[in-house]
Amino acid sequence: GWIKCNFDSGYVHGRDFTITGWIFRDCTGKTILSGCAHLPKSNSSLEAEAFGFLFVLQLTWIKGYRNVWFEGDNLELTTLINRWEDHLNIGSLLYDIRYWMMKLPLCSLDHVNREKNSAADALSRHA
């Protein structure tokens with residue numbers, strides 16, 4: 001009954017928006033939902049990944065998925081979230097992320113290397 005979601009976001013200095021992509025797969029690896037979007041402007045790659053993860057969490061809730069294993073390729077964001085640490089520049093985003101994660105009590109966030117996150121990366125570039 002678990003679903004895996006890979007997500008990735010892109011940051012480009014001076015761009016007026018952030019790009020993000022995601023792919024949800026069922027327990028057999030079959031894609032059940034994927035997409036990409038433009039999100040608010042970010043000021044760093046960490047902030048872009050946080051915006052992307054928050055968006056994916058909200059999408060997860062809207063779609064009714066409850067048992068979700070999330071994977072992203074930003075180690076700093078994964079560490080901040082899993083260790084309940086704070087960060088001066090993205091503190092309010094971390095608060096929102098933790099709020100949405102608590103609404104999904106059967107979820108986890110793991111770090112994955114860029115190669116294993118290539119589908120989400122390609123979707124984010126498509127945005």
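The values are calculated or read from the model by the stated rules, or taken from the named source; none is laboratory data. The structure displayed is predicted, hence computed values, not measured ones. Cβ: placed from backbone, ideal geometry, glycine included. Neighbour counts: every protein chain shown. Heavy atoms of the whole protein, side chains included, go into the accessibility calculation; ligands, DNA and RNA do not. Shrake-Rupley method; radii C 1.70, N 1.55, O 1.52, S 1.80 Å.
Taking the criterion of being in contact with a Gly (Cβ under 9 Å, 6 or more places away or on another chain) and among the polar types (S, T, N, Q), the residues of the stretch 76-126 that qualify are THR78, ASN117, SER124. Scan the stretch 103-127 for residues that are surrounded by 13 or more Cβ atoms within 10 Å (Cβ to Cβ), more than 12 Å from the chain's Cα centre (by Cα) and part of a strand (DSSP E or B) and jot them down. Selection gives CYS107 alone. Considering the stretch 75-102, the residues that are closer than 20 Å to ILE23 by Cα and in contact (Cβ under 8 Å) with a residue 40 or more places away in the chain include one that is surrounded by the fewest Cβ atoms within 10 Å (Cβ to Cβ), namely TRP100. Based on what the data block shows, is VAL56 among the β-branched types (Val, Ile, Thr), at pLDDT 95 or above and not in a helix (DSSP H, G or I)? Judged against the criteria, VAL56 is not a match.
On inspection, ILE32 passes the criterion of being within 20 Å of LYS116 (Cβ to Cβ), in contact with a Lys or Arg (Cβ under 7 Å, 6 or more places away or on another chain) and touching a residue at least 24 places away in the same chain (Cβ under 8 Å).
The residues listed here are ASP26, ASP96, ASP73; of these, the one that is closer than 17 Å to LYS4 by Cβ, acidic (Asp, Glu) and touching a helix residue (DSSP H, G or I) at 6+ places or on another chain (Cβ under 8 Å) is ASP73. Restricting attention to the stretch 8-44 and to residues that are open to solvent by less than 50 Å² (accessible area, probe 1.4 Å) and among the acidic types (Asp, Glu), the residue that is farthest from LEU59 (Cα to Cα) turns out to be ASP26.
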